[in-house]
Amino acid sequence: MSRVDSSASARDGKGVPAVATLLTWFLPGAGHVYLGRISFGLIAFVVLEGLYALGFLLSDGRSFQVLDPELQGPFATALSPEVGNLGAMIWQLKTVGFQAQTLSPFPSTLGLGGMLTGISGILNVCLMVHAHLTARTTRAAPRKGPSPVAYVLATWICPGLGHVLQGRVVRGAIVFTLLVGLFLWGTWLAEGSNLSRERHFYYWAGQFLVGLPALLTEVVSGRPPVSGEIRFLDVGLLFACMPGLLNILAMLDVYGVAEGRWLGEKSGAAGGTEA
């Protein structure tokens, strides 16, 4: 019998992986409570929902109001990072939704609030992966090194970091150079206009997956104002967004290798010898 098996006997009756994942998607920690890890689940709930609540307060609940009126609809936020914390996002939409624009300006902390709710969504995706892996792993399975989720999170924080932590330094350096370089090039072409969620909601959501390099660039730049026509705006927005989407592939790469190593599988160990 394999160390990772979807059958009830292999999982020692802990629960169904898909159910644990879906429960976590709707409510952080719920999947772990379902799997019997009650303390872990409660802590995860407090941390992630607390982070979302703080972001909601800082943004005055208006982070989705930056969408153009013609884009506002029931699935308008499905491509935002908050969708990773689906229950909280639905609550926000039900509570304040796309309120009619008023003459009052957005709060000065709108950008920070949007970052925090977005981070809550990304962290809950990692929690979903952890719940799924926990449900699939037998109690007798050997565990070598950090959890695969740690490498996924590290890769979001900084593209290539997960590869470096796995010892695949060359691949990590290539991933970092290409993705962060492409993001910075796009930011230069867009003259920094991509660093504002209010201006480019969906492009911003894509580049959010670049992680810390994108967030720090946005904070340090102060979100420069647009004072005139930007010649290469469309190309810049595309180049700044694309590396975030490519970083998803990097996360999948580090997860596959980390899972094999964590469970002591030969395929994972072999994969780990790659550059």
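The values are calculated or read from the model by the stated rules, or taken from the named source; none is laboratory data. Everything numeric in this text was worked out from a predicted model, so none of it was measured. Cβ atoms come from the backbone with ideal geometry, glycine included; neighbour counts cover every protein chain shown.
Tell me, yes or no, whether region 124-143 has at least one residue that is of a type in the set (Val, Ile, Thr), without any contact (Cβ under 8 Å) to a residue 60 or more places away in the chain and in the same structural domain as VAL66 (by TED's automatic domain parsing). Yes, some residue in region 124-143 is of a type in the set (Val, Ile, Thr), without any contact (Cβ under 8 Å) to a residue 60 or more places away in the chain and in the same structural domain as VAL66 (by TED's automatic domain parsing).
Since PHE98 meets every condition but one in (1) surrounded by 15 or more Cβ atoms within 10 Å (Cβ to Cβ); (2) part of a helix (DSSP H, G or I), which condition does it not meet? With (1) surrounded by 15 or more Cβ atoms within 10 Å (Cβ to Cβ); (2) part of a helix (DSSP H, G or I) applied to PHE98, the lone miss is (2). Within region 37-58, residues that are within 17 Å of LEU110 (Cα to Cα) have Cβ atoms under 7 Å from residues that are polar (S, T, N, Q) and at pLDDT below 95 in these pairs: PHE56/GLN92; LEU58/THR109, counting only partners at least 6 apart in sequence or on another chain. Looking across region 187-198, the residues that are in contact with a Pro (Cβ under 8 Å, 6 or more places away or on another chain) and assigned to a helix (DSSP H, G or I) come down to SER193, LEU195.
Restricting the first member to region 16-31 and to residues that are surrounded by fewer than 21 Cβ atoms within 10 Å (Cβ to Cβ), and the second to residues that are charged (D, E, K, R), the beta-carbon pairs closer than 9 Å and six or more apart or on different chains are PRO17/ARG11; PRO17/ARG136; LEU27/GLU49. Could you grab me the full set of residues in region 32-83 that are among the hydroxyl-bearing types (Ser, Thr, Tyr) and either at pLDDT below 95 or surrounded by fewer than 21 Cβ atoms within 10 Å (Cβ to Cβ) (or both)? Of everything in region 32-83, those that are among the hydroxyl-bearing types (Ser, Thr, Tyr) and either at pLDDT below 95 or surrounded by fewer than 21 Cβ atoms within 10 Å (Cβ to Cβ) (or both) turn out to be TYR34, SER39, SER59, SER63, THR77, SER80. How about region 1-28: which of its residues are part of a loop (DSSP other than H, G, I, E, B) and either at pLDDT 95 or above or outside the structural domain of GLY84 (by TED's automatic domain parsing) (or both)? Across region 1-28, the qualifying residues are LEU27, PRO28.
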